[in-house]
Amino acid sequence: MNYVFQFNVVWDHLPELLNGALLTIQLSATAMALGLCLAVLCAYGKSAGPQPIRWLATGYVELIRNTPFLVQIFIFYFSLPAIGLYLSANTAALLAMTVNLGAYASEIVRAGIEAVPHGQVEAGRALGLKRLQIFRSIVIFPALKTVYPALSSQFILLMLSSSVVSTISAVELTAITSSLQSTTFRPFEFYFVATGLYLAMSLGFRAVLSTTYWAVFQRRGVG
Amino acid sequence: MARGFGSDELLYLLKAIPWTLLLSLGALLGGGILGFLIAFLRIVPSRPLRWLAIGYIELFQGTPVLMQLFVAYYGLAVLFNIQVGAWPAVLLAFSLYSGAFLGEIWRGSIQAIPRPQWEAATSLALSFPKQLWYVILPQAARISIPPTVGFVVQLIKNTSIAAIIGFVELTRAGQLMTDATFKPMIVYPVVAALYFILCWPLSLLAQTLERRIDANLGIKRRL
């Protein structure tokens, strides 16, 4: 091996890389929030909705969970324009990430809902609460608390898989890295540093998520 | 005049499936050996070895597969001074990636075996490797089957990422077919359907096995 590593080139372009990382964080955080809403809706539909809604939710979840994220992105970005729906790269990426997370997280949330003791639901019914009221004020918070660790890992997996959206020219960290390495001819150094940035981001996200857990659940003493 | 999407084009996609499967199988073999090693290192009574294994898992679960692919691809080139083909790089990266996940799955299965089993083996004067081999692993193997099958589904879907560095498997074949026919609205959904046909039976198998093992162990799963 007589290759000379030149990390100073990467250092010169660090601001651009960090800009890319910022878009990765923005995309991931937005998709997490939207995907969680979608997941809760879907889990509610699956556990309490009428039969057609249940089938619809099950179909959605199975379809997404058994096809690759990359192909889902291609469908959003390349296939939808064929039926007249044009999305920008960033919108398509965000949409694909949200839809993807929604399916995985809805299975997790549903497990949490099923873990809420049935007596609590009956107590709510005895108080004359409506179904949606029971779900909103009795079931959902303890359910989310139970499955929070699983949800956080899913969030981090989503952040990592967001690197794949670089293929449709959404200019997040991976895309920036790819374009920089092709103009500087130092691919190994750039990808090495970008991998380190991703590692830092997943540790950072984990810290933020556990702080959120404390702020939302622990402090209020839910569950 | 672009060509249409007929039986020839479908055949082209079908012919790419063996590459997807071959890559998954190769990564499963490589990752299986590595994962076994990692799971073993995670439970040996030596702190430095455990830290080594934890570091490995953190690194490969905390960074995107796509980045691991790029680093392997250009890293091999740096190491051997020549541009290696996509196949060894892809195989290496997916093996390392699978090793981290399988290692964690199998460690969990080993640690799910109740403590008294270890104690009983100790009281029979078996050495640590013999305790592991004759008493713990046969029981842990059963528990580990459903999550391992679940991971294989994950792996098959993730091999699609190899398309980004130009390895021709199902997704890359889909891209090439789209370029030839200009019909992304047909090609990508067909590709997704093919993945679904590969993955769905395995997903169902994982669910069934999980339920059967729970029933055998007398676990009423609430989560």
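About its Cα centre, what dipole magnitude does region B:7-216 give when the only charges are +1 on Lys and Arg Cβ and -1 on Asp and Glu Cβ, stated in debye to the nearest 20?
Around 540 debye, computed over region B:7-216.
Would you please classify the overall shape of region B:7-216 from the alpha carbon gyration tensor, given that a ≥ b ≥ c denote the square roots of the eigenvalues, rounded means a/c under 1.5, and beyond that prolate means a/b larger than b/c while oblate covers the rest?
In terms of gyration-tensor shape, oblate.
I want the local charge near A:LEU56. Using Cβ-Cβ distances under 14 Å, sum +1 for each Lys or Arg and -1 for each Asp or Glu among the other residues.
Combined, the nearby Lys, Arg, Asp and Glu give +1.
Using a 10 Å Cβ count of at most 12 others and DSSP loop calls, identify the longest part of chain A lacking such chymotrypsin sites (Phe, Trp or Tyr not before Pro).
My reading of the result: A:87-184 is the longest stretch.
Among B:GLY166, B:SER24, B:ALA86, pick out the residue whose Cα is farthest towards the positive end of the charge dipole of region B:7-216, where Lys and Arg carry +1 and Asp and Glu carry -1 on C-beta, about the Cα centre.
Toward the positive end, the furthest listed residue is B:SER24.
Over 10 Å intervals from 0, what percent of Cα-Cα pairs in the protein assembly as shown sits in each interval?
4, 18, 28, 27, 16, 6, 1, 0
Hydropathy at least -1.0 by Kyte-Doolittle, axial extent at least 15 angstrom from the Cα trace: which helices of chain B, defined as entire DSSP H runs, fit?
Span-like helices here: B:7-43, B:47-61, B:65-80, B:86-111, B:137-158, B:170-181, B:184-217.
Please determine, in degrees from 0 to 90 and to the nearest 10, the orientation of helix A:89-115 with respect to the longest principal axis defined by the Cα atoms of chain A, where the helix direction is its Cα long axis.
With both axes taken from Cα atoms, the answer is about 40 degrees.
At a 10 Å Cβ-Cβ cut-off, how would you order B:THR181, B:THR159, fewest neighbours first? Working shown, then result.
On the way: B:THR181 16, B:THR159 27.
In order of increasing Cβ crowding within 10 Å: B:THR181, B:THR159.
What is the log10 of I(q)/I(0) for region A:117-206, computed with the Debye formula using one identical point scatterer on each Cα and no solvent, at q = 0.14 Å⁻¹?
Calculated log10 I(q)/I(0) at the listed q: -0.65.
Which of A:TYR148, B:TYR188 has the fewest other C-beta atoms within 10 Å, and how do the rest follow up to the most?
A:TYR148, B:TYR188
Do the sum for chain A: with -39,500 (n - 2.57) for every DSSP H run of n ≥ 4, divided by all residues, what is the mean residue ellipticity at 222 nm, to the nearest 500 deg cm²/dmol?
Mean residue ellipticity at 222 nm (helix-derived): -24500 deg cm²/dmol.
How many lysine pairs are close in the protein assembly as shown, with Cα atoms under 21 Å apart and the two 8 or more places apart or on different chains?
Values: A:LYS46/A:LYS130; A:LYS46/A:LYS145; A:LYS46/B:LYS220; A:LYS145/B:LYS220; B:LYS15/B:LYS157; B:LYS15/B:LYS183.
So the count works out to 6.
How big is the convex hull of the Cα atoms of chain A, per residue, in Å³?
149 Å³
Which order do B:ILE105, B:ILE197, B:ILE33 fall in if you start with the one that has the fewest other Cβ atoms within 10 Å?
Numbers: B:ILE105 19, B:ILE197 11, B:ILE33 14.
The most exposed by this proxy come first: B:ILE197, B:ILE33, B:ILE105.
No value in this document is a laboratory result; all are computed from the given coordinates. All values reported here derive from a predicted model rather than from experimental measurement. Cβ coordinates were reconstructed from backbone atoms using ideal geometry, including for glycine residues, and neighbour counts include every protein chain displayed.
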